[in-house]
Amino acid sequence: MSNIPLISVLLPIYNAELYLKESIDSILNQTFTNFELLLLNDGSTDKSEEICLSFTDKRIKYHKHNNIGLAATLNKGISLSVGKYIARQDNDDISLPTRFEKQISFLEKNPDVHLLGTCAKIFSNKEPNYGYHNHPTLPAILKFDLLFDNPFVHSSVIFLKSKVLEIGCYQLSRDYYEDHNLWSSFSFVGKVANLPEHLINYRHHDKGLSKINNYYSAKPLYNQTLLNIQTLLKSKNNEIIELSKLYHHQYSKNDNFNFPLIINTLSNINEILINEFPNSKNELDKRYKLYKKVFQSRYNMMLRKKENINFLNLLFLKIKHKLFNYKSTIYS
């Protein structure tokens, strides 16, 4: 029997003393035990190191370096890892005991899936039932959604080390979000999926990275959408730029959008995905119709912002769009 662990768990740490012990314990208490846990201290100045060194479990490997940021820390962890699979864990989230067992069971039965996440329960110290991340599970729908947004909980994912090395690991540029960029890259080399079960407790608090002021920005999302659709359609035409701008509100008063061509581009996206995932045609068609409504709404919103349109003009626009939809239905 090989002594090499099947999973390498990457747990980046930065000033996480409040929740770190609970997070580490949730990994050590997994029902699936064949893993190594890489604790990656990214220059913490609190008691995080003391907490890490208090553990004696031989599966733990502790590494400390000067502060280099999340993406670079994760890439360092990938280079240090020895497992077939890479699993992620944030320093303030909690993995349920059967998380690894259920994810590995799925991955071993579905070798064409290279990235697997789970749904998550959102909680806080004040509100134990804050909400849920109930993301799609089908590879076809996830590939569609990844064109525009991030339908994965970062702390829940497991992916193949061989594939992450093939596509180039986490993006260091601030022009993209490192997780959305990586999951998008995975979707172009194989299937991605989510388990429908809530196997992560995702902690919501003011000091979480995604809650820090100015962390969230539409610009990296716009950049990723533009890159994804250009890659999918193998084109850089202007309609793709307009579509990306409209979805992420990255337009100015000088922009003049050709809305029918934008919808035509969206239709082309759907057709390409149907060709790739013929068994998911019905689900993809439903997703296409949903995005079509979103784009219609954002187009109206853009016109209101640009032209200060009054109620009568807005009513005229709605009628115009309904007529366009009716015509599209007749001739499709």
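Each value in this text was obtained by applying a stated rule to the coordinates, not by laboratory testing. Here the structure is a predicted model, which means the values were calculated and not measured. Heads up, the Cβs are rebuilt from the backbone with ideal geometry, glycines too, and the neighbour counts pull from every protein chain shown.
The table for this structure:
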| quantity | calculated |
| --- | --- |
| Whole-number D in µm²/s for the chain (Stokes-Einstein; Kirkwood sum over Cα pairs; 25 °C, 0.890 mPa s) | 114 µm²/s |
| 0 to 90° range, to nearest 10: angle between helix 178-187 axis and the chain longest Cα axis | 70 degrees |
| FRET efficiency for I4 and K293, using Cβ-Cβ distance with R0 set to 45 Å, rounded to 0.05 | 0.35 |
| Cα centre as origin, Lys/Arg/Asp/Glu Cβ charges: the chain dipole, Debye | 1260 debye |
| Nearby lysines by direct alpha-carbon distance to K126 (threshold 18 angstrom, same-chain neighbours under 8 apart not counted) | K207, K211 |
| Per-residue [θ]222 nm for the chain (sum of -39500 (n - 2.57) over DSSP H runs n ≥ 4, rounded to 500) | -14500 deg cm²/dmol |
| Using distinct alpha-carbon pairs, which all enter the 1/r mean, Kirkwood radius of region 1-111 in Å | 14.2 Å |
| DSSP bridge orientation in the chain - percent antiparallel, rounded to nearest 5 | 25 percent |
| Residue with peak Gaussian network fluctuation, the chain [Cα springs, cutoff 10 Å], from L233, L246, L221 | L233 |
| Fewest-first ranking of D90, D46, D57, using other Cβ atoms within 10 Å as the exposure measure | D57, D46, D90 |
| Cα-based convex hull, region 25-176, per residue volume (Å³, whole number) | 146 Å³ |
| Over 25 Å (Cα to Cα) - which of K245/K306; K219/K286; K21/K64; K286/K306; K121/K161; K245/K293 fall in this group | K219/K286; K286/K306; K121/K161 |
| Among I13, I200, I274, residue whose mean-square fluctuation peaks in a GNM of the chain (springs only between Cα atoms under 10 Å) | I274 |
| Choice from E50, E242, E271 showing the highest fluctuation, given a GNM over the chain with Cα pairs closer than 10 Å | E50 |
| Fewest-first ranking of T231, T73, T118, using other Cβ atoms within 10 Å as the exposure measure | T231, T73, T118 |
| Rounded D (µm²/s) - region 168-298, Kirkwood Rh over Cα pairs, Stokes-Einstein at 4 °C, 1.567 mPa s | 77 µm²/s |
